[in-house]
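Participant: Below is one structure. I have some questions about it.
The values are calculated or read from the model by the stated rules, or taken from the named source; none is laboratory data. Because the structure is a prediction, the values reported are computed rather than measured. Cβ placement follows ideal geometry from the backbone for every residue including glycine, while neighbour counts extend to all protein chains displayed. Note: accessible area is taken over every heavy atom of the protein model, side chains too, but ligands, DNA and RNA are not part of it. Shrake-Rupley method; radii C 1.70, N 1.55, O 1.52, S 1.80 Å.
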Amino acid sequence: MSLARTLRLGTRGSPLARWQAEWIAAELANTGVQVELVSIATQGDTQRGGAIGSLGAQGVFTKEIQRVLLDGTIDLAVHSLKDLPTDVVEGLMLAAVPPRERPGDVLVSNTAKSLDELPEGARVGTGSLRRRAQLLHVRPDLQVQDIRGNVDTRLRKLDDGRYEAIVLAEAGLRRLGLDNRIGQSLSPRILLPAVGQGALGVEARENDAEVLEVLGRLDDAASRQAVLAERSLLAALRGGCLAPIGAWARPAETSAYGDAGLILTAVVLSSDGQARLEAAGEAPADEAETLGRRVADELVRQGARELIAQSREL
């Protein structure tokens with residue numbers, strides 16, 4: 001199926017968001033579909049002071065884009081899935097999850113090659129409570145400080161000497177061609193990624209059958225199953241995108257389900273990193289959402305809801 005009309009794709013204006021939108025546009029162009037990019041400013045882009053959590057709501061990078069998608073100003077939107085709330089928006093659906101980039105976090109530093117090499121009391125920049133809590137769990141001596149801005153802005157603040165290191169998503173650096181800035185890829189044993197990190201989500205109106213059929217060509221089943229498990233866990237915990245929750249779903253290397261198994265590991269921490277709860281589970285890949293809920297139930301049994309509630313009070 002080809003479309004006679006040009007599709008309007010809504011995106012934020014940051015370099016990484018533009019890269020993601022241009023990549024989707026190029027993939028669609030390969031199938032004969034033409035795309036026009038439409039830049040949309042979100043609350044997270046326009047209110048740059050203070051920590052992300054201080055904006056007081058989920059969806060600070062997505063709500064405005066979803067609004068213009070619903071009113072027909074654009075035909076599709078591309079999001080970093082880690083920024084997309086799990087709450088269902090009536091009239092919209094996740095039409096495609098393309099192949100996922102590496103989901104982990106990396107340490108970037110001009111003075112240390114690894115987390116272990118950072119001196120006692122080193123200043124580490126991150127805008128994520130999830131990263132902060134996990135870093136403090138393994139290195140309580142660190143001064144984990146807030147940092148805002150796009151990737152280039154954060155790297156410039158590091159280079160200006162405001163921090164000894166910063167922590168960023170590996171996927172973002174690789175997509176922007178900044179692989180050379182990666183100092184250490186942080187093991188999931190140290191730092192589990194955010195739900196959906198490294199994955200893109202392409203959203204469209206649920207009644208736009210033509211667009212949904214076209215976008216289905218971009219969908220990668222393994223990536224979709226992994227992020228569905230993670231997002232189901234987050235929804236069950238009622239944690240939101242900003243809570244100290246890490247999760248990583250991936251195909252199981254050895255499984256009772258053969259090559260169709262999916263394993264999910266998740267953590268919930270206190271904001272200071274002193275308390276850390278962990279749970280894991282495995283299921284057939286086509287039961288990804290059930291797996292997410294089951295692992296969430298185990299975390300709730302251990303006291304996850306209390307830790308999440310405490311983090312919101314800060």
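Participant: With a 1.4 Å probe and every protein chain kept in, tell me what percent of the accessible surface of the chain is carbon plus sulfur.
Facilitator: C and S atoms contribute 46 percent here.
Participant: How many percent of Cα pairs in the range 158-244 exceed 18 Å?
Facilitator: 62
Participant: What does the accessible area per residue of the chain come to in Å², with a 1.4 Å probe and no ligands, DNA or RNA counted?
Facilitator: Using a 1.4 Å probe on heavy atoms only, each residue of the chain averages 44 Å².
Participant: How far apart, in nanometres, would the label points at residue 102 and residue 159 be if each is projected 7 angstrom from Cα along the Cα-to-Cβ direction?
Facilitator: If labels sit at residue 102 and residue 159, their model points lie 2.1 nm apart.
Participant: Using +1 at the C-beta of Lys and Arg and -1 at the C-beta of Asp and Glu, which of 114, 198, 188 has the Cα lying farthest in the positive direction of the dipole of the range 94-214?
Facilitator: 114
Participant: Here is a further query. By a straight-distance test (C-alpha under 14 Å), which aspartates and glutamates pair with residue 157 as possible cross-link partners, with residues fewer than eight away in the same chain excluded?
Facilitator: Counting by Cα, and skipping residues close in sequence, residue 157 has these aspartates and glutamates nearby: 146.
Participant: Considering only 188, 103, 85, give the residue with the highest GNM mean-square fluctuation for the chain, with springs between Cα atoms whenever their separation is below 10 Å.
Facilitator: Maximum fluctuation in the GNM of the chain, among the listed residues, is at 188.
Participant: Under 16 Å Cα-Cα from residue 113, which aspartates and glutamates qualify once same-chain neighbours fewer than 8 residues away are excluded?
Facilitator: Those aspartates and glutamates meeting the cut-off are 105, 159, 164, 170, 179.
Participant: At a threshold of 8 angstrom on Cα-Cα distance, excluding pairs fewer than six apart, so keeping six or more, what relative contact order does the chain reach in percent?
Facilitator: 20
Participant: Sticking with this structure for a sec: Using only Cα atoms, what Kirkwood radius does the chain have, in angstroms?
Facilitator: The answer is 20.0 Å.
Participant: Further question on the same structure: Once the piece of chain linking residue 113 and residue 312 is laid out straight, how much longer is it, given 0.36 nm per residue of separation minus the C-alpha distance between them?
Facilitator: Fully extending the segment from residue 113 to residue 312 adds 68.3 nm.
Participant: What percent do you get for the relative contact order of the range 243-309 when only Cα pairs under 8 Å and 6+ apart count?
Facilitator: It comes to 30 percent, rounded to a whole number.
Participant: Next question, about the same structure. Using amide H atoms built 1.01 Å from N in the peptide plane, name the residues 5+ places from residue 37, or on other chains, whose amide H lies under 5 Å from its own.
Facilitator: 9
Participant: Something else about it: I want to verify a result. In a Gaussian network model of the chain, Cα cutoff 10 Å, which of these has the top mean-square fluctuation: 67, 154, 100?
Facilitator: Its mean-square fluctuation being the largest, the pick is 67.
Participant: What is the magnitude of the charge dipole of the chain about its Cα centre, with +1 placed on the Cβ of each Lys and Arg, -1 on the Cβ of each Asp and Glu, and no other charges, expressed in debye to the nearest 20?
Facilitator: About 780 debye.
Participant: With θ set to phi - 60° and the Karplus curve 6.51 cos²θ - 1.76 cosθ + 1.60, what are the ³J(HN,Hα) couplings of the range 200-209 in order, to the nearest whole Hz, using x for Gly and Pro?
Facilitator: 9, x, 9, 10, 8, 6, 5, 9, 9, 4
Participant: Restricting to DSSP H runs of at least four residues, report the calculated mean residue ellipticity at 222 nm for the chain, -39500 (n - 2.57) per run over all residues, nearest 500 deg cm²/dmol.
Facilitator: -9500 deg cm²/dmol
Participant: Turning to a different aspect of this structure: When each pair of different Cα atoms in the range 51-174 is counted once in the 1/r mean, what is the Kirkwood radius in angstroms, to one decimal?
Facilitator: Its Kirkwood hydrodynamic radius stands at 16.5 Å.
Participant: Can you tell me which of 283, 96, 221 moves the most in a GNM of the chain? Springs connect C-alpha atoms under 10 Å apart.
Facilitator: 221
Participant: Please give the length that would be gained between residue 36 and residue 73 if that part of the chain were fully extended, namely 0.36 nm times their separation in residues minus their C-alpha to C-alpha distance (nm, one decimal).
Facilitator: Contour length minus Cα-Cα distance gives 12.1 nm.
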